[in-house]
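The values are calculated or read from the model by the stated rules, or taken from the named source; none is laboratory data. Model, not experiment: these values are computed from the prediction. Ideal geometry is used to build each Cβ from the backbone, glycine not excepted, and the neighbour counts take in all protein chains shown. Ligands, DNA and RNA are excluded from the accessible area calculation, which covers all protein heavy atoms including side chains. Shrake-Rupley method; radii C 1.70, N 1.55, O 1.52, S 1.80 Å.
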Amino acid sequence: MLAAILLQFLLKLTLAVEHRVASYFKAKPGTAMRLMRFFGAWLILFGSKFVILEALALAFGKEVRFEGALHGIVWLIIVVVVMVVAEELVVRLYRRLA
């Protein structure tokens, strides 16, 4: 449960940083800034997975393990995508019921 809380916290932090960087480049005109916005988003979202893996390793040691392709990064990405999709489904369901 603590690993899931840490994952959720780091995911929210990653998305906040990505949105802040995207807003910075979106405010500037030009094609180069638009390309930088997409590259910055990709770099943050991709690179954050390695930071998240390291944070999990530091916080929990051998209690939490992601193994497999690319030292578990593929499974971590799958877990994060499922978490985001599940959260979005819950939010949409809540909004429909409210």
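Heavy-atom accessible surface of the chain, averaged per residue, reaches 78 Å², computed with a 1.4 Å probe. Computed from backbone phi with θ = phi - 60° and the Karplus coefficients 6.51, -1.76 and 1.60, the 3J(HN,Hα) list for the range 85-96 is 5, 4, 5, 5, 5, 5, 4, 5, 4, 4, 5, 5 Hz; x is used for glycine and proline. In the chain, the portion of solvent-accessible area held by carbon and sulfur atoms comes to 71 percent [1.4 Å probe, whole percent, DNA, RNA and ligands not counted]. Applying the Karplus relation 6.51 cos²θ - 1.76 cosθ + 1.60 with θ = phi - 60° to the range 3-8 yields 3J(HN,Hα) values of 5, 5, 5, 4, 4, 5 Hz, where x marks Gly and Pro. Of interest is the spacing of the C-alpha centroids, which for the range 60-98 and the range 1-45 amounts to 17 Å. Label-to-label distance for Tyr94 and Arg20 is 2.4 nm, based on points extended 7 Å past Cα in the beta-carbon direction.
Peptide packing: for 91-98, 40-47, the average count of neighbouring Cβ atoms within 10 Å per residue gives the ranking 40-47, 91-98, highest mean first.
Note on the range 19-61: the C-alpha convex hull projects to 3.0 nm² when averaged across all orientations. Under conditions of 37 °C and 0.692 mPa s, the chain yields 217 µm² s⁻¹ as its translational diffusion coefficient, taking Rh as the Kirkwood radius over Cα pairs in the Stokes-Einstein equation. Positive end of the dipole of the chain (Cβ unit charges, origin at the Cα centre): among Ser23, Leu89, Leu2, the Cα lying farthest that way belongs to Ser23. For the range 46-98, what does the alpha-carbon gyration tensor say about shape, rounded, prolate or oblate, given a ≥ b ≥ c as the root eigenvalues, a/c under 1.5 as rounded, and a/b over b/c as prolate? Here the range 46-98 falls in the prolate category.
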